[in-house]
Structure formats: C-alpha cells, structure tokens
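First up is the structure itself, then whatever we jot down about it.
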Amino acid sequence: MFTFPLVYSFTYYSFTKIKKIMNEEIKLMKGNEAIAHAAIRCGCDGYFGYPITPQSEVLETLALEKPWETTGMVVLQAESEVAAINMVYGGAGTGKKVMTSSSSPGISLKQEGISYLAGSELPSLIVNIVRGGPGLGTIQPSQADYFQTVKGGGHGDYRLIALAPASVQEMADFVGLGFDLAFKYNNPVMILSDGIIGQMMEKVVLPPFRPRMTEEEITEKCPWAAVGKPAGRKRNVITSLELDASLMEQNNHRFQKKYRLIEENEVRYEEIECEDAEYLLIAFGSSARICQKSVEIARSHGIKLGLLRPITLWPFPSKIINRYADKVKAMLSVELNAGQMVEDVRLAVNGKVKVEHYGRLGGIVFTPDEIVGAVEKMRNEE
Amino acid sequence: MKMKEELIIAGFGGQGVLSMGKILAYSGLMQDKEVTWMPSYGPEQRGGTANVTVIISDDRISSPILNEFDTAIILNQQSLDKFEKSVKPGGTLIFDPYGITKAPTRKDINIYRVDAMNTSIEMNAPKSFNMIILGGLLKIRPVVEIENVLLGLKKSLPERHHHLIPMNEAAIKKGMEIIEKI
C-alpha cells in the first residue's frame, strides 16, 4: 500500500459556483484574455512577449488594460521571442514576478532561455498556446509540444513544472498557481494550453487582486535576488555557468533533489466517472474536455468509460494511473499528437494493462464520437 | 427539465457569424447559464467560411468541439453542404436562402428559412442582417429570453455602439416575424 501525494481534484465548475456565492462578478472571455487579466491581478511585475497566433490576445489584452498605469506592471513587446525570454531572465534575476507567452514556434525560440532559467533556478512563468507543427506548421490547435514541455526542450537535466488548463477558469487560476509554484521551488513553470482553450470564451471569475511585492518583500523572500548589495553580505550572482565540473555536479544534485520534492508534493489531476470504469481515457487540456463528452456518450451506450485528466503534466500523476491499471481492462491516451503522453502512461502502468493511443495531427481536432469509436475498437480487439 | 442547446452558426467571414454567437453567449451569461463560445479562428475570419459553436446549458459543459448539433444556422452554400448532415435527427436547421442554390433536403429535421439578407436591404440596415437571423432563431428556439439578449448586446457591444441597440432590437423582432417553416 502506498500513500497518495497531496492531490487537488477540483473542477472549474464547482470553483465557479463557490465564487458565485461570494458574489464576485462572472465574466465571459477568451482563455488568452483570462491569462492577461489574471496576470495583472496576481501582482505580476512584468510581461515580455511577441505576437503569434493563436496567443496574441494575451499581449493585446495587456496593452488594452494598461496595467502600467494602475499596478505598475511592465508590458513590453520585445523585438523577438528570444529577446522576450531573456528579459524574463533579467527580471526574474531581480526577484520580480515575470512572465512571457507565445505559441509553439516562438516557444522553440525561447528554449535556450528556459534552460538558463532552470539552470539559474529563477522563478518565472511561460505560457505556450500550442499550434500544429512541426516548423511553422499551422495556427490550428495541437498538443504536439508535450515532449518539448515535459522532457526538456532546452538542453541539460532540468524540469519545468507543467500545468495543463482545461477551461477558461483554469487559464485564469493557473497564472496565480504557476507563480506560487515558481517562487516556492525557484523554478520556471509552464502553462501548456492550446488554440482551443486560448480562443474559446467561457464564464470566468477572475482571482482577487494581490498587490505586487514591494522591494522590501523581495529582499526578504528572495535572498538570492540581484537587488543591489547591502554592506555585510556577499554579492548575489545569477548564473547557470559553473566551469568546475564537480561543483556543477553538486548543482545538478541540488536540482534533482528539488525535482523529487516537487514530484512528491505537486501532482494534480482530476478523476471523472472513474469509480466503476472498465476502460479509462487519459487526456489533458482541451482533449480532456472533448473526452468528457465521449464519456457521456459511451456511458449512454452502456460502456463503463472513465477519464483521468492530468492537471500537472510534470510531475505526472503516475501513481494514480498505476493504481487504475489494477482496476480497468485497458487505457486509451487521447492526445492531439502522434502519441507523446502515452509513453508516460505506459511507464506508469508498467505493462499491467494494455495502453493505446488515439490522436489527430497537425491542427485537426477529434470529435467526441471519434474517441468513442476508438474505445469500441479497443474493446473489440480484446 | 434541464436545458442544453448545442448550436452552430456558419457562413462567410464578415457576415457577423462570430458576433452573433457572442451575443448569444452573453445572453446565456445574463440568464445564469453555463456557456461556451468556440470560434473558427483561422484565416477564414478574414473572409471565406467562418463558423462558431455556441453551447448554452444548465449544467457544466464538457466538449467545446461537437460532431452534431441541436440547431444549425446556415448562411451560405458551403456551410449548408458541410453542416446539414451534422444536425441531430429531430433538430433544427435555419437558413437564409440568399445565395443558396441547393436547398436543404433532409426530412428528419425541422427546416426554417429567414429571408434576412433581402429584408436587411429593404430595412436599409444591411449590418443588422445577423440580428434578423438571431430573431428567427429566438422565435423557433427560445433558448434565451429577449430581455437577456438586449442585455447581452449591451455587454458585447462597445459603448460607442450602444445607440444602435434599438435598431438591433427592431431587426430581432423583424426576424421573429419573417421566419417560416419549409
């Protein structure tokens, strides 16, 4: 018997209901707009970005809201994605709450900077509103950046905490959560979403206003930050460079220890109709929304189908998936890619049960019926 | 009885397809419903075909991507060819005959026509075309109350356009009058 890590199994719906009781205004907006509004409200100090479909509304909304006139937040359109991520590095190095956003090709450009952020242990938030690739690809939604997000992307042994929102409400909520995790572990956090969640409008209750951290609070909470050296302490150096390999190995061991701690504490997922499920779908983000409908359809046909939605893609909810492997007949990993998360599902299941993949590629999105069809095919092959 | 309406609006970019969907979504919000508005956000919104899925429901909405719809509002021939088959049996198809060369043929759905394009020209208000269509929809499928639509209009229109609300209201009423079953 193993004990479960801290698990947050919440739904955006109950969240909206709770906030409604608290009489907060419910708004209708796109996922991308929700990210921008949430950033201002979370006390973000700076956003550095560059436009690209399907995430341009993040920068556009910030430009419309003009937070530099209210909270003092900096909003800057950089000359390129590479410049933007290095501005994030600079801002994060001074203990500021900073972020950037882009879509797949732009996120590829940022990978060097992301590796440096991880290597320098700088808290920061990166948003990827994924589009179909490879290359310049298409502007339609995709989940083909899963590997890039959870397996590295940039060079070196590092991990990003990866959050996968499945609703506009979660787009808003995960900005604050992302910053909290980034500062808790001094690590970059990525919100991995896509053109569906970014472009669709839903009801959302924005998070309450949190003031930006004062210089004193930064000095207290981020003793490592480059804020100017007072007398009596050594200077703070923000760097990922360590030419002495034995010291670099020590750094890496420190990172790995931190990553084990994150794996222990920060796994998040949602279970939908899993209790009596004979077959289990594993899907994240927009795919999980589509799969919810597939579960409804399959159950109306008498198929006991459930859905497990990883909310954190890293750390991955391996333990709970392994536990379900003892209960279900087969699992289907449903992704808008050629089969990426399915590898992590298979590692979690460790051969106990059959794990198949169903996906559509290059910006084409599956319908709920298609997924039910894939489940029926899997059943018939038994 | 809990309500849920899964609806698609499809036509040319520039016809007001996305904004009609937005007004419906805002109306649903005003009526305390769950709503999802999922646009086609590709190059089609700059011309070519555009469509938007709107779901209004009492319960949590699962997928924003659907394979069949309770109601389809069809504003050009390409969209009719594409979406006539996606209407649920017993569902509703509303179309504007303007530019339609091959009328819908299904016998297992309810088909209505709204002559909105010509009417909007007669009313000397071509921009209220989509509101005439919306009026037709609300007559046949009263998924939201008309007062909530007016509130939704207020929410979704920038303030400088609020003086146009009475004209839009008149267009909605006109649409309710002229929609006819086929």
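Comparison of A:I290, A:I297, A:I282 shows that the only residue that is within 10 Å of chain B (Cβ to nearest Cβ) and closer than 27 Å to A:M190 by Cβ is A:I290.
If we keep just the residues of the stretch B:66-85 that are part of a helix (DSSP H, G or I) and among the acidic types (D, E), which is least open to solvent (accessible area, probe 1.4 Å)? I'd like the intermediate steps shown before the answer.
Initial filter on the stretch B:66-85 (part of a helix (DSSP H, G or I)): B:77-85.
Retained after the next criterion (residues that are among the acidic types (D, E)): B:81, B:84.
Numbers: B:D81: 83, B:E84: 28 Å².
Among residues in the stretch B:66-85 that are part of a helix (DSSP H, G or I) and among the acidic types (D, E), the one least open to solvent (accessible area, probe 1.4 Å) is B:E84.
When the residues of the stretch A:133-149 are filtered to those that are of a type in the set (G, A, S) and open to solvent by 50 Å² or more (accessible area, probe 1.4 Å), the one that is farthest from the other protein chains (Cβ to nearest Cβ) is A:G135. The criterion of at least 1 residues that are among the small types (G, A, S) is met by the following helices (runs of 4 or more DSSP H) wholly inside the stretch A:77-176: A:81-93, A:104-119.
So that you can scan it fast, the table gives a plain yes or no per residue for (1) modelled with pLDDT of 95 or more; (2) at the interface with chain A (Cβ under 10 Å from one of its Cβ atoms):
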residue: B:E5; (1), (2): yes, no
residue: B:M30; (1), (2): no, yes
residue: B:W37; (1), (2): yes, yes
residue: B:G47; (1), (2): no, no
residue: B:K88; (1), (2): yes, no
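Among the residues that make up the stretch A:26-39, is at least one of them in a loop (DSSP other than H, G, I, E, B), open to solvent by 50 Å² or more (accessible area, probe 1.4 Å) and touching a helix residue (DSSP H, G or I) at 6+ places or on another chain (Cβ under 8 Å)? No, the conditions are met nowhere in the stretch A:26-39.
Being in contact (Cβ under 8 Å) with a residue 12 or more places away in the chain, outside any helix (DSSP H, G or I) and on the phi < 0 side of the Ramachandran plot: is that true of A:E263 here? Spell out how you get there, then give the answer.
Numbers: in contact (Cβ under 8 Å) with a residue 12 or more places away in the chain: yes; outside any helix (DSSP H, G or I): no; on the phi < 0 side of the Ramachandran plot: yes.
No, not satisfied.
Tell me, which residue of the stretch A:193-222 that is part of a helix (DSSP H, G or I) and more than 19 Å from A:L28 (Cβ to Cβ) is least open to solvent (accessible area, probe 1.4 Å)? Before you say what the answer is, go through the steps one by one.
Filtering the stretch A:193-222 for residues part of a helix (DSSP H, G or I) gives A:195-199, A:215-221.
Now drop any that are not more than 19 Å from A:L28 (Cβ to Cβ), which leaves A:215-221.
Details: A:E215: 101, A:E216: 131, A:E217: 74, A:I218: 0, A:T219: 77, A:E220: 148, A:K221: 131 Å².
The qualifying residue least open to solvent (accessible area, probe 1.4 Å) is A:I218.
In this structure, A:L64 does satisfy being open to solvent by 20 Å² or more (accessible area, probe 1.4 Å), modelled with pLDDT of 95 or more and either closer than 20 Å to A:A144 by Cβ or within 14 Å of another protein chain (Cβ to nearest Cβ) (or both). Checked across the stretch B:90-106, the condition of being part of a strand (DSSP E or B), more than 14 Å from chain A (Cβ to nearest Cβ) and either small (G, A, S) or more than 30 Å from B:M1 (Cβ to Cβ) (or both) holds for at least one residue. Filtered by the rule that a residue be under 25 Å from A:K258 (Cα atoms) and touching a helix residue (DSSP H, G or I) at 6+ places or on another chain (Cβ under 7 Å), the stretch A:309-339 gives A:R309, A:L313, A:W314, A:P315, A:F316, A:S318, A:I321, A:N322.
Determine whether the stretch B:50-61 contains at least one residue that is closer than 24 Å to B:M117 by Cβ, buried (at least 23 other Cβ atoms within 10 Å of the Cβ), in contact with a strand residue (DSSP E or B) (Cβ under 9 Å, 6 or more places away or on another chain) and within 11 Å of chain A (Cβ to nearest Cβ). Yes: the stretch B:50-61 contains one or more residues that are closer than 24 Å to B:M117 by Cβ, buried (at least 23 other Cβ atoms within 10 Å of the Cβ), in contact with a strand residue (DSSP E or B) (Cβ under 9 Å, 6 or more places away or on another chain) and within 11 Å of chain A (Cβ to nearest Cβ).
In the stretch A:262-296, the residue that is nearest to A:K327 (Cα to Cα) out of those that are more than 22 Å from the chain's Cα centre (by Cα) and hydrophobic (A, V, I, L, M, F, W, C) is A:A277. Just one of (1) in a loop (DSSP other than H, G, I, E, B); (2) in contact (Cβ under 8 Å) with a residue 24 or more places away in the chain fails for A:N236. It is (2). Pairs are defined by a Cβ separation below 6 Å, a sequence spacing of at least 6 or placement on different chains, a first member in the stretch A:95-117 that is assigned by TED's automatic domain parsing to the domain that holds A:A39 and under 21 Å from A:I218 (Cβ atoms), and a second member that is among the hydroxyl-bearing types (S, T, Y) and open to solvent by less than 10 Å² (accessible area, probe 1.4 Å); the pairs so defined are A:V98/A:S124; A:M99/A:Y47; A:L117/A:S124.
The values are calculated or read from the model by the stated rules, or taken from the named source; none is laboratory data. These figures come from a predicted structure and were not determined experimentally. When we count neighbours, we look across all protein chains shown, and the Cβ atoms used for this are built from the backbone with ideal geometry, even at glycine. Remember, those area values only see protein heavy atoms, side chains included, never the ligands or the DNA or RNA. Shrake-Rupley method; radii C 1.70, N 1.55, O 1.52, S 1.80 Å.
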